[in-house]
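Q: Here it is, the structure, as C-alpha cells.
The values are calculated or read from the model by the stated rules, or taken from the named source; none is laboratory data. Keep in mind that this is a model prediction, so the values were computed, not measured. Virtual Cβ from ideal backbone geometry, glycine too; neighbours counted across all protein chains shown. Surface accessibility is based on the protein's heavy atoms, side chains included, excluding ligands, DNA and RNA. Shrake-Rupley method; radii C 1.70, N 1.55, O 1.52, S 1.80 Å.
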2 protein chains.
Amino acid sequence: MFEQLLTRPLSEKMDQQAPYDDIVVSTRIRLARNVTHYPFSTRMTEDQANALINETERQLSGLKGFQFGRVDQVDALTRTALVEKHLISPALATHPRTGLFVSEDEQISVMVNEEDHFRIQTLLPGLQLEEAFRVAKQVDRLISERFKIAFDDTLGYLTTCPSNVGTGLRASVMLHLPGLVLTNQIQGYIKHLRQLGFAIRGRYGEGSDASGRMFQLSNQRTLGASEDMLITDYQFAVEALIEAEQAARKGLLEMYQEELEDRLYRSYGILKSARLITAREATERLSDVRLADSLGLAVTLPPNLFHHLLVSLQTGFLQKHFGKQLTSRERDIERATVIREMLTEQTNRDHTQGGFA
Amino acid sequence: MFEQLLTRPLSEKMDQQAPYDDIVVSTRIRLARNVTHYPFSTRMTEDQANALINETERQLSGLKGFQFGRVDQVDALTRTALVEKHLISPALATHPRTGLFVSEDEQISVMVNEEDHFRIQTLLPGLQLEEAFRVAKQVDRLISERFKIAFDDTLGYLTTCPSNVGTGLRASVMLHLPGLVLTNQIQGYIKHLRQLGFAIRGRYGEGSDASGRMFQLSNQRTLGASEDMLITDYQFAVEALIEAEQAARKGLLEMYQEELEDRLYRSYGILKSARLITAREATERLSDVRLADSLGLAVTLPPNLFHHLLVSLQTGFLQKHFGKQLTSRERDIERATVIREMLTEQTNRDHTQGGFA
C-alpha cells in the first residue's frame, strides 16, 4: 500500500516554493501521544500491540484523505525508502508490529507503536513552524476525540520516555548550512545551541553524520512551558541560525570568491559528468551546487530539486526506483545517472525559460 | 622579432592531422654541427661567439622563408614561451650569446651557440621520422655549403659532447601514454627502453617530470651506425611503444570500463567548469579527455587541440598571451578560463557538425 508514496521522492506540497527554502529544507512537528487503556510500548505484549493497531485502523479509517498500512509487513527496502522520505522514523522501520496513517498530500502521518503509541507528524517545506503546528494540533484533536489520551494535570501528556513528557512536542527543521560548515563555524553553533537546550544533528537524526551539510535542529525541552512558548523559543533559535548562515555565505563570497566559485563550479561539472558517485559525495556536491545557485552563480539547482535529489539518491529510494536490490557499485552508477539526467533536464528548463547556460 | 611566433601556440603545420597523432604528438629530428674555424662553444670567447652569430646571420640571411633573431636579447618571458613551443631548447634559453633561425612554417629551426655551434631541428606533428629527417638533411646541406663543418673520417661529425659524436643525430618523439601510465606499465617500459639504449623522459626533456603522461623518447646512440640505421632502429622502438599503448588502452576499457569512464568524464566536467587550475592538474585532465576521445566516449578533444592546449597553458605562453607577468593565482585563473573557452568552442563546433553533446 505504500508503493504510491514511493513513486516520487517529494510530495506535491514538498515540491513547492516555501519561506526561507534557500536555507530551510523542511519543517517537522511531532506530537507524542499514548492511550490510557494500553501499557506503554515497552511494556506491551504482542497481542496488545496488534490490538492497538487494529483499533487505530478502525477508529481512524473514516478520516477522509488518509490511508493506513502496516509498516512491519512491508519489505525492508520499502521501509528504508519511507524513512528516507521522512514519512516514518528510523525507529518505526525496525520495530515489530507497527502501523502508519498518512494523508494523501503526505503532510501528515501518524505512526503507531513507535516509542509512543502515536507519533503525530506534520512535514512542510521551508520554514513553516506555525502552520505545521496548527495542522498537527488538528490531527491531535481528531485522535483525542476517539481515544482516551494519557494526560496528567501537573505533568501534561505522559510518554514512554520522560524527555517527552509535558507537551510531547518536538519541532525539527532541516537546515542546509554550507556557509557555516565551509567557514568552520558550525561546531561553535552546535555547542552553543546545545547549551541553550536544543539538539542539532546530521541529516537522518541520531547517530548519522551531517553529510551534505544538512542539519536537523530540534527542541529538547517539552516540559514546563506551553506549546506556544516552546514554538516561539524554537523559532528564535532557527532564525538565529538562518542569519548566521546568510552572513557566512556572504563572508565566503567576499573573502574567497575565486576558491569558492572554483569549488562550486567544479562540483557542478562533476555531477554533470560522473559515471559513478557515492551517496556521500553526491550529497556534498549537490550542497555545493545549491549554494552556488543561492549565491547567484551561473548554475541552477532550485531548493525543491535539491531536496528531491537528496531523497531520491538515498540507498533505499534508489533501489525502490529501480525496483530491485542493487549492489553498492550499481547504486553508484544509477545515482550518477539520475543526477546527470535531472541536472540536464534543469538546464533544458533554464534554456527554455531563457535562463543561464 | 619572435613575437609573431608566439601569437599562437601551434604553427599551421603542427595544427594538422598526422600519422599516429592519437598517441604521437610530435616528431623532432636534431642534428648537431660545429664549424672548424671556431673553438667548441665551451672554449669560445665572447667575441668569437658574437662573431659566429654574425657570420651565421650573414650566411643564412639569404635563405627564403627564414627569419633570424638573437635569443639572448629578448626578454625571459619570450624565451620561456619559445621553449614551451619547442622552437628552442631549455639550454638555449639560458645561454649567453645565442641566435635562432626559424622557418616561416616553424618546421625548421637552427639554434646558434647552443651546446654545439649549430643545432638544426625539424619539428612535425604525429609520427613522421623520415620526413623530419629528410627536411633536416636539406638544411644540413645548405649549412655545409656555407660553412666548413667539423668532420672526422673515422668518427664522423665532431661535437662538444662525445655523446653526440658520429651522426650528431637525435630523433625524439613526444608520446601521450595514458594507457601505460594508468596500468602502471610505464616504468617497466622505461627501464626496458633504457637497456636498449634509448632515452625516455618527461615532457620538457631532462629534469622535468612526465606530467600529463607525455613522454619524450630519443635515441642515445649516435656513433658507429649510419643515420638510416639509427632512424630504423628508433622507428622500431617507437612502434613498439605505440603498440603497447594501444593494448593498454584496450585493456583498461575492458577491465575497468566504469571506473575509467567515470574518471575521464569527470576530468572533462572539471575542465569545463573549474575557475582555478594549476598547469599540472590541467595537463593531467586534458590527458584524460584526450584518452576519452580516442576511446570513443562522448567528448571531443582532437589531437591538435590537445597539443595546442598543452603548449598554451604553460606558464610562459600564458603570460605571453596576456602580455604581462602574472602571479601564480592569476595564471591559475587564466588557465582555467582558456580551457573553458577552448572546450566550449570545440563543443559548438561538434554541434554544428552534428557531433556529440
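Q: Can you tell me the relative contact order of segment B:2-250? Whole percent, Cα pairs under 8 Å, sequence separation 6 or more. Don't jump to the answer; show the numbers that get you there.
A: Details: 443 pairs, mean separation 58.7, N = 249.
Contact order relative to length: 24 percent.
Q: Mind listing the label-point distances from A:MET255 to the same position on all other copies, shortest first, one decimal in nm, points 7 Å along Cα→Cβ?
A: 4.6
Q: Beyond a 27 Å Cα-Cα separation, which of these cross-linked pairs lie in this structure: B:LYS85/B:LYS324; B:LYS148/B:LYS320; A:LYS64/A:LYS148; A:LYS85/A:LYS272; B:LYS13/B:LYS137; B:LYS272/B:LYS324?
A: Values: B:LYS85/B:LYS324 18 Å; B:LYS148/B:LYS320 38 Å; A:LYS64/A:LYS148 22 Å; A:LYS85/A:LYS272 24 Å; B:LYS13/B:LYS137 19 Å; B:LYS272/B:LYS324 25 Å.
Beyond 27 Å: B:LYS148/B:LYS320.
Q: Dividing the Cα radius of gyration by the Kirkwood radius, what Rg/Rh value follows for segment B:1-93? Each step should come with its number before you reach the end.
A: Values: Rg = 15.9 Å, Rh = 15.8 Å.
Value, to two decimals: 1.01.
Q: From Cα pairs below 8 angstrom and at least 6 apart in sequence, can you work out the relative contact order of segment B:256-352, rounded to a whole percent?
A: 35
Q: Any idea what diffusion coefficient the protein assembly as shown gets from Stokes-Einstein, in µm²/s, Kirkwood Rh on alpha carbon pairs, 4 °C, 1.567 mPa s? Don't jump to the answer; show the numbers that get you there.
A: Working: Rh = 30.4 Å.
Calculated translational D: 43 µm²/s.
Q: If you draw the axis that swings chain B onto chain A, which residue of B has its Cβ closest to it, and how far is that in whole Å?
A: B:GLY269, 2
Q: Next question. Please calculate how many Å² of accessible area the protein assembly as shown carries per residue, with a 1.4 Å probe and no DNA, RNA or ligand atoms counted.
A: Working: 30520 Å² over 714 residues.
About 43 Å² of surface per residue is accessible.
Q: Then there's this: For segment A:107-126 and segment A:27-87, what is the centre-to-centre distance using only Cα atoms, to the nearest Å?
A: Segment A:107-126 and segment A:27-87 have Cα centres separated by 9 Å.
Q: Here's another thing I want to ask about it. From Cα coordinates alone, what are the radius of gyration and Dmax values for segment B:2-250 in angstrom?
A: 17.9, 58
Q: What does the charge count around A:ASP293 come to, taking other residues whose C-beta lies under 12 Å from its C-beta (Lys +1, Arg +1, Asp -1, Glu -1)? Before the final figure, lay out each step's value.
A: Details: positive: A:ARG249, A:ARG290; negative: A:ASP21, A:ASP22, A:ASP288, A:ASP350.
Around A:ASP293, the charge tally is -2.
Q: Hey, what's the per residue convex hull volume over the C-alpha atoms of segment B:74-198, in cubic angstrom?
A: Details: hull volume 18.9 nm³, N = 125.
Expressed per residue, the convex hull around the Cα atoms of segment B:74-198 is 151 Å³.
Q: Another question, if that's okay. Can you tell me the alpha carbon radius of gyration of segment A:256-352 divided by the globular rule-of-thumb value 2.2 N^0.38 Å?
A: My calculation over the Cα atoms of segment A:256-352 gives 1.07.
Q: Any idea what diffusion coefficient segment B:21-68 gets from Stokes-Einstein, in µm²/s, Kirkwood Rh on alpha carbon pairs, 25 °C, 0.890 mPa s?
A: Details: Rh = 13.5 Å.
Calculated translational D: 181 µm²/s.
Q: Would you mind listing the distances between the B:THR94 label point and the same position in each other copy? Use 7 Å along Cα-to-C-beta, nm, one decimal, shortest first.
A: Reported distances to equivalent positions: 6.5 nm.
Q: Reachable lysines from A:LYS250, Cα under 24 Å, same-chain residues fewer than 8 places away excluded?
A: Partners within reach: A:LYS191.
Q: At a probe radius of 1.4 Å, figure out the B/A buried accessible area, summed over both chains, and give it in Å² to the nearest 100. Numbers along the way, then the final one.
A: On the way: alone 16030 and 16030 Å², together 30520 Å².
Rounded to the nearest hundred, the buried surface is 1500 Å².
Q: Evaluate the charge dipole of segment B:2-250 about its Cα centre and quote only its size in Debye, nearest 20, assuming +1 on the Cβ of each Lys and Arg and -1 on the Cβ of each Asp and Glu. Mind dumping the intermediate values first?
A: On the way: 27 positive and 32 negative charges, 66 e Å.
Rounded to the nearest 20 debye, it is 320 debye.
Q: State the percent of C-alpha pairs, over all pairs in segment A:303-353, separated by a distance greater than 19 angstrom.
A: 30
Q: Tell me the carbon and sulfur percent of the accessible area for chain B, rounded to whole percent, probe radius 1.4 Å.
A: Numbers: 7490 of 15260 Å².
Looking at chain B in its full context, I get 49 percent from C and S.
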